[in-house]
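Computed from the coordinates by the stated procedures, all read-outs in this text should not be read as laboratory data. Source: prediction; values computed, not measured. Reconstructed Cβ throughout: ideal geometry from the backbone, glycine too, with neighbour counts over all protein chains shown.
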């Protein structure tokens with residue numbers, strides 16, 4: 001009877017204590033979240049209750065397994081399995097707690113600062129820091145799991161002795177990976193590009209959607225995703241339209257006939273911009289920038305508060321100006337001449353009596 005009750009009591013008590021402690025901790029975190037609604041830390045810590053209870057259960061079972069006297073033949077295997085579960089659950093719990101603290105810090109910073117560029121920079125750094133923390137915790141957890149096996153502990157000394165040679169070999173073999181890793185850290189803390197920035201890479205215009213330690217994803221205007229190694233942004237030039245202030249200046253070109261009404265176009269441009277909400281009102285003008293034998297190039301300059309609005313202003317100005325010219329001044333649009341050019345005007349001299357006599361005089365012959 002004792003051989004049956006002892007394992008049931010030990011295992012049941014461990015599970016009961018796990019549920020009880022987990023429930024009590026969750027209640028305390030919920031009350032703390034209600035008392036301090038200004039910080040989301042306590043609510044985010046509640047998301048870690050699953051790995052927390054798993055750590056408690058594994059620790060209690062590992063500590064009381066010897067008293068349970070269960071599976072005596074497989075005592076070593078069961079004990080090592082519980083240890084592996086405990087290490088994995090502890091790593092999971094550490095990542096969840098670190099994530100809750102980092103996200104809370106970022107949320108407070110985003111509420112306190114209204115500069116979108118600084119907020120995106122901190123968001124990029126926070127994202128990469130969390131990836132680094134997760135990678136380090138994962139590597140340490142795997143190493144701790146491997147060291148629970150006696151064979152791996154015996155091989156540890158030889159591995160440490162050859163660490164220099166292995167490091168050189170690994171560095172040569174993973175040269176591109178390591179370069180991307182350091183490039184990711186350089187991007188995160190060098191403020192070169194941030195999540196949410198508008199960039200132009202390889203002729204493609206888009207928004208930075210994700211930055212990791214090895215690659216960067218750009219979402220284009222037509223919702224395509226371009227994935228590039230982060231080392232590209234540290235070794236090649238690219239356009240960052242969100243660098244500094246997000247305000248931008250855009251231009252619109254037209255190829256028009258030389259007879260286009262420039263003053264009327266300037267007045268129409270002002271009317272279009274007054275009715276365009278995306279125009280920020282900083283500047284606008286319209287000038288002739290080039291001329292050919294058939295057409296002249298007219299350029300309009302407009303401004304907006306960011307890259308999205310400058311695109312809206314440019315397409316609105318281009319479309320409405322062409323529509324207005326087609327309706328009101330169709331002669332201003334470029335055309336191909338299919339008839340003879342108009343000759344310049346000239347003055348015809350008035351005829352006199354002498355010239356008229358010469359015009360009607362018969363040609364003389366040699367006979368008298």
For this session: Using the number of other C-beta atoms within 10 angstrom as an exposure proxy, rank 228, 265 with the fewest first.
Result: 228, 265
Exercise. In nm², what is the average projected area of the convex hull enclosing the Cα atoms of the range 192-240?
Worked result: 2.9
For this session: Quick one: compute a quarter of the convex hull surface over the Cα atoms of the range 248-332 and quote it in nm².
Result: 5.0
For this session: Determine, for 205, 279, 23, the number of other Cβ atoms within 10 Å of each Cβ, and report the residues in order from fewest to most.
Result: 23, 205, 279
Exercise. Relative contact order of the range 192-240: what whole-number percent is it, with Cα pairs under 8 angstrom and at least 6 residues apart?
Worked result: 32
Exercise. Using the count of nearby Cβ atoms within 10 Å as a rough guide to exposure, how do 194, 219 rank from fewest to most?
Worked result: 219, 194
Seminar exercise, completed: Distance in nm between residue 308 and residue 200 label points, each 7 Å along Cα→Cβ, equals 2.0
Exercise. Once you put a point 7 Å from the Cα of residue 285 and another 7 Å from the Cα of residue 103, both along the Cβ direction, what distance in nm separates them?
Worked result: 5.1
